[in-house]
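Visitor: My structure is below; once you've seen it, I'll send some questions.
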Amino acid sequence: MATGQLFSKTTQALFYNYKQLPIQRMLDFDFLCGRETPSVAGIINPGAEGFQKLFFGQEEIAIPVHSTIEAACAAHPTADVFINFASFRSAAASSMSALKQPTIKVVAIIAEGVPEADTKQLIAYARSNNKVVIGPATVGGIQAGAFKIGDTAGTIDNIIHCKLYRPGSVGFVSKSGGMSNELYNSIARVTDGIYEGIAIGGDVFPGSTLSDHVLRFNNIPQVKMIVVLGELGGRDEYSLVEALKQGKINKPVVAWVSGTCARLFKSEVQFGHAGAKSGGEMESAQAKNQALRDTGAVVPTSYEAFESSIKETFDKLIEDGKITPVKEVTPPQIPEDLNTAIKSGKVRAPTHIISTISDDRGEEPCYAGVPMSSIVEQGFGVGDVISLLWFKRSLPRYCSRFIEICIMLCADHGPCVSGAHNTIVTARAGKDLVSSLVSGLLTIGPRFGGAIDDAARYLKDAYDRNLTPYEFVEGMKKKGIRVPGIGHRIKRGDNRDKRVELLQRYARENFPSVKYMEYAVQVETYTLSKANNLVLNVDGAIGSLFLDLLAGSGMFTKQEIDEIVEIGYLNGLFVLARSIGLIGHTFDQKRLKQPLYRHPWEDVLYTK
């Protein structure tokens with residue numbers, strides 16, 4: 001392992017199994033240290049996606065949530081620390097998955113009780129691939145003034161008290177997370193504070209050892225002395241003894257192995273950690289302390305004298321000119337959260353909306369990160385703007401052109417269709433533009449213009465399941481469902497919808513693949529054998545071709561395609577397009593100064 005520094009002020013982590021408090025403590029520590037970017041790049045919550053709102057100082061930020069480790073690593077390639085808050089049942093599998101990601105260099109496993117066989121596999125894989133495991137059963141680690149893992153060092157008040165908001169000169173490593181907090185405090189009282197502190201964890205087989213980190217500290221120029229807190233049980237401390245014997249450590253080491261009281265008990269005692277159990281004289285605290293003392297480490301006579309030994313060693317380094325004490329700085333004040341700020345009168349209010357498609361702050365608005373000036377200067381069309389605002393990416397020109405064609409072809413279909421009729425009636429009643437438009441839009445649904453999503457959904461399902469047109473159509477018939485995108489009140493097999501022909505011709509000439517469209521044509525061939533009006537209509541054409549656009553462009557995952565269809569993006573095209581015509585009908589009626597519409601009696605069947 002050896003090498004040197006694990007963390008820096010730019011280190012970012014992926015946090016597995018969302019826990020609000022540890023993440024917020026990390027972000028508060030970031031702010032305290034004056035970091036420019038949050039240390040948590042993303043959250044991994046299996047089966048969930050979206051964002052989690054948290055505070056970075058006074059600013060509320062949205063941290064992306066990913067459903068898989070692979071997706072998170074791909075989205076955040078600079079995040080090289082994996083903080084695993086999974087339970088002991090799943091910690092090993094998720095940790096191994098993280099270690100196998102090329103971007104991950106350090107894995108911290110918080111869970112206690114991870115099966116030892118699994119831990120050994122993690123250790124072997126990490127060592128053979130030059131990666132670092134901290135834990136299991138760890139609180140984590142901290143680099144003062146730069147980065148901390150989860151709940152390391154406890155509350156902000158404790159962090160400030162221990163001066164962890166800025167780097168000191170001491171490297172510290174311990175098995176115990178709880179005792180680490182105590183030692184951070186002791187070290188801050190008698191030295192200029194911690195540079196880096198690690199709790200390796202209390203399980204029998206830690207992912208990295210005391211000596212691993214001591215040797216690493218020895219390679220960090222800013223670390224001038226090293227403090228080690230071991231415990232009875234196991235033989236980890238003897239690897240440190242060997243390193244001292246072999247002269248691999250040239251910095252002062254102050255060490256204490258806790259558990260000397262074990263000899264007061266008549267029988268063997270299991271202390272708090274799984275590994276804190278003496279298996280013989282060599283594993284006793286007394287034997288380890290003596291071995292460390294014999295090889296040159298500064299070992300006090302008791303834990304009570306530990307702090308004094310640290311102070312004496314630090315003072316000697318100052319006297320020898322090897323340490324220039326760190327200049328104190330005043331850390332910024334962390335804003336209080338709402339539940340505590342009410343009493344003190346200091347409040348930071350959360351936002352109520354998350355927006356990822358546009359940003360109107362700054363000198364000019366941006367659509368999906370593209371400034372308005374760039375949109376105009378690069379000659380973007382309406383289709384390009386839709387691709388940015390709807391799909392959050394710039395699609396190839398043939399895609400945006402297809403969107404524009406759909407809008408043009410669906411803008412209007414005469415005054416007799418239900419949407420236009422409603423708009424005309426409303427406009428003639430003297431209502432305003434918005435009311436007239438909305439009255440027409442409200443007719444859009446499964447019977448009028450709203451079948452594009454259903455057409456895409458059913459055609460995709462049938463094609464992906466390799467159903468023949470016969471199996472698809474007859475299967476829908478058995479369910480009592482009309483095939484969306486098939487059938488027209490006017491058009492026939494010998495009088496096709498010109499709009500459908502135009503869309504199909506464009507796709508064949510420009511799309512990389514038209515597999516869904518060709519399947520829709522095969523379905524149409526079968527339905528025409530049943531009735532001459534069961535033609536592929538414009539809803540079916542747009543639905544099938546949009547599937548080809550999404551799949552053929554190579555810019556969308558299968559999950560994204562399913563989500564686009566499910567949310568209603570494709571019906572959105574019809575709504576947008578038809579709004580143009582409905583607005584036109586409103587203006588037409590008002591320009592013509594048409595009177596209130598009353599339906600003629602002769603067009604109504606009055607019956608009992």
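Visitor: Which residue, 487, 516, 544, has the largest displacement toward the positive end of the dipole of region 484-608 when charges sit on each Cβ (Lys, Arg +1; Asp, Glu -1)?
Guide: Value computed over the given set: 487.
Visitor: May I pose another question? Using a 7 Å offset from Cα along Cα-Cβ at residue 506, what residues in region 343-386 end up with backbone N under 11 Å from the label point?
Guide: Zone members listed by number: 383.
Visitor: Using 0.36 nm times the number of residues separating residue 404 and residue 559, minus their current alpha carbon distance, what extension gain do you get? Please report the intermediate quantities before stating the final value.
Guide: Details: separation 155, 0.36 × 155 = 55.80 nm, distance 2.50 nm.
Going from the current span to full extension adds 53.3 nm.
Visitor: Once fully extended, how much extra length lies between residue 10 and residue 442, figured as 0.36 nm per residue of separation less the alpha-carbon to alpha-carbon distance? Can you show the working numbers first?
Guide: Values: separation 432, 0.36 × 432 = 155.52 nm, distance 5.16 nm.
Extending this stretch completely gives an extra 150.4 nm.
Visitor: Determine which lysines satisfy two conditions relative to residue 530: a Cα distance under 28 Å, and not lying fewer than 8 residues away in the same chain.
Guide: The reachable lysines, counting only those whose Cα sits under 28 Å from residue 530, are 460, 477, 478, 479, 491, 498, 515.
Visitor: Mind jotting down the three principal axis lengths of region 517-608 based on Cα atoms? Whole angstrom, largest first.
Guide: 54, 36, 26
Visitor: Still on this structure, I have one more. Apply the Debye scattering formula to the chain, with a single equal point scatterer on each alpha-carbon and no solvent, then give log10 I(q)/I(0) at q = 0.05, 0.10, 0.11 Å⁻¹.
Guide: Values returned for q = 0.05, 0.10, 0.11 Å⁻¹ are -0.38, -0.92, -1.03.
Visitor: Follow-up question, since we're still on this one. Can you send over the solvent-accessible area of residue 107, 1.4 Å probe, protein chains only, in Å² to the nearest 10?
Guide: 0
Visitor: Another question about this same structure. Which value in nm describes the separation of the simple spin-label points at residue 593 and residue 525, placed 7 Å from the Cα toward the beta carbon?
Guide: Placing both labels 7 Å along Cα→Cβ, they lie 5.9 nm apart.
Visitor: Could you calculate the FRET efficiency of residue 461 with residue 359 from 1/(1 + (r/R0)^6), where r is the beta carbon distance between them and R0 is 35 Å, rounded to 0.05?
Guide: Values: r = 37 Å, r/R0 = 1.05.
That gives a FRET efficiency of 0.45.
Visitor: Given the options 206, 158, 458, identify the residue whose Cα lies farthest towards the positive end of the charge dipole of the chain (+1 on Cβ of Lys, Arg; -1 on Cβ of Asp, Glu).
Guide: 458
Visitor: Report residue 182's accessible area, 1.4 Å probe, all protein chains in place, as a number in Å² to the nearest 10.
Guide: Residue 182 has an accessible surface of roughly 80 Å² with all protein chains in place.
Visitor: Quick one: of the DSSP bridges fully inside region 2-110, what percent are antiparallel, nearest 5?
Guide: Values: 7 of 21 bridges.
Percent antiparallel among DSSP bridges in region 2-110 is about 35.
Visitor: Take the solvent-accessible surface of the protein heavy atoms, probe 1.4 Å, and return the percent of it on region 116-155 that carbon and sulfur atoms account for.
Guide: Details: 610 of 1270 Å².
Solvent-exposed carbon and sulfur of region 116-155 make up 48 percent of the total.
Visitor: Roll a 1.4 angstrom probe over the protein heavy atoms and tell me the percent of accessible area of region 287-340 that is carbon or sulfur.
Guide: Working: 1760 of 3330 Å².
Carbon plus sulfur share of accessible area: 53 percent.
Visitor: When DSSP beta bridges are limited to those with both residues in the chain, what percentage is antiparallel, rounded to the nearest 5?
Guide: On the way: 20 of 55 bridges.
Just about 35 percent of them are antiparallel.
Visitor: Same structure, new question: In degrees between 0 and 90, to the nearest 10, how far off the longest principal axis of the chain does helix 569-591 point, with axes built from Cα atoms?
Guide: Relative to the chain, helix 569-591 is tipped by roughly 50 degrees.
Visitor: Given the pairs 148/316; 120/248; 105/148; 9/163; 9/327; 224/327, which are separated by over 21 angstrom at their Cα positions? Kindly include the intermediate steps, with their values, before the conclusion.
Guide: Numbers: 148/316 29 Å; 120/248 26 Å; 105/148 15 Å; 9/163 16 Å; 9/327 18 Å; 224/327 16 Å.
Violating the 21 Å Cα-Cα cut-off are 148/316; 120/248.
Visitor: Provide the gained length on full extension for the span residue 494 to residue 481, in nm with one decimal, where the gain is 0.36 nm per separating residue minus the Cα-Cα distance. Please list the in-between numbers first.
Guide: Values: separation 13, 0.36 × 13 = 4.68 nm, distance 2.54 nm.
Stretched fully, the residue 494-residue 481 segment lengthens by 2.1 nm.
Visitor: Please compute the per residue accessible area over the chain with all protein chains in place, 1.4 Å probe, rounded to a whole number of Å². Spell out each step's value before the answer.
Guide: Working: 28920 Å² over 608 residues.
Result: 48 Å² per residue.
Visitor: What's the carbon and sulfur percent of region 500-608's accessible surface, probe 1.4 angstrom, rounded to a whole number? Provide the component values of the computation, followed by the final result.
Guide: Working: 3290 of 5870 Å².
Here it works out to 56 percent.
Visitor: Taking the chain as the reference, fit the longest principal axis to its C-alpha atoms, fit the long axis of helix 515-528 to the helix C-alpha atoms, and give the angle between the two in degrees, 0 to 90, nearest 10.
Guide: 40
Visitor: Please state the charge dipole magnitude for region 25-161, taken about the Cα centre, from unit charges on C-beta atoms (+1 on K and R, -1 on D and E), reported in debye and rounded to the nearest 20. All intermediate terms of the calculation are to be shown ahead of the outcome.
Guide: Working: 10 positive and 13 negative charges, 96 e Å.
Dipole magnitude for region 25-161 comes out near 460 debye.
Visitor: Compute from the Cα atoms of region 45-87 the Rg and the Dmax, the latter being the longest Cα-Cα distance, and quote both in angstrom.
Guide: In Å, with Rg to one decimal and Dmax whole: 11.6, 32.
Visitor: Also: With only Lys, Arg, Asp and Glu charged, each at its Cβ (+1 for the first two, -1 for the last two), find how big the charge dipole of the chain is about the Cα centre; round to the nearest 20 debye. The partial results should precede the final answer.
Guide: Working: 66 positive and 65 negative charges, 275 e Å.
Once rounded to the nearest 20, the dipole reads 1320 debye.
Visitor: Using a 1.4 Å probe on the protein heavy atoms only, what accessible surface does residue 179 show? Give it in Å² to the nearest 10.
Guide: About 70 Å², rounded to the nearest 10.
Visitor: Hey, got the dipole for region 126-201? About the Cα centre, +1 on K and R Cβ, -1 on D and E Cβ, debye to the nearest 20? The partial results should precede the final answer.
Guide: On the way: 7 positive and 5 negative charges, 46 e Å.
Dipole size: approximately 220 debye.
Visitor: Estimate the FRET efficiency between residue 532 and residue 411 by the formula 1/(1 + (r/R0)^6), using the beta-carbon distance for r and 35 Å for R0, to the nearest 0.05. Mind dumping the intermediate values first?
Guide: Working: r = 28 Å, r/R0 = 0.79.
Efficiency, rounded to the nearest 0.05: 0.80.
Visitor: Can you tell me the relative contact order of the chain? Whole percent, Cα pairs under 8 Å, sequence separation 6 or more.
Guide: This gives 9 percent for the chain.
Visitor: From the protein chains alone at 1.4 Å, what is the descending order of accessible area for 147, 205, largest first?
Guide: Working: 147 0, 205 70 Å².
Highest to lowest solvent-accessible surface, that is 205, 147.
Visitor: Which angle between 0 and 90 degrees, to the nearest 10, do you get for helix 285-294 versus the longest principal axis of the chain when only C-alpha atoms count?
Guide: Tilt of helix 285-294: around 70 degrees.
Visitor: Quick one: if the Förster radius is 45 Å, what FRET efficiency do residue 21 and residue 301 give, using the C-beta to C-beta distance and rounding to 0.05? Provide the component values of the computation, followed by the final result.
Guide: Details: r = 39 Å, r/R0 = 0.88.
So, using R0 = 45 Å, E works out to roughly 0.70.
Visitor: Using a simple spin-label model with points 7 Å from Cα along the Cα→Cβ vector, what separation in nm is obtained for residue 87 and residue 318?
Guide: Between residue 87 and residue 318, the simple spin-label model gives 5.0 nm.
Visitor: Given just the C-alpha atoms of region 275-404, how large is their convex hull per residue in cubic angstrom? It would help to have the intermediate numbers written out before the result.
Guide: Details: hull volume 52.1 nm³, N = 130.
In region 275-404, the Cα hull volume divided by residue count equals 400 Å³.
The values are calculated or read from the model by the stated rules, or taken from the named source; none is laboratory data. What you see is a predicted model; the values in this text were computed from it and never measured. Counting neighbours? That spans all protein chains shown, and the Cβs are built from the backbone with ideal geometry, glycine included. Calculation scope for accessible area: heavy atoms of the full protein, side chains included, ligands and nucleic acids excluded. Shrake-Rupley method; radii C 1.70, N 1.55, O 1.52, S 1.80 Å.
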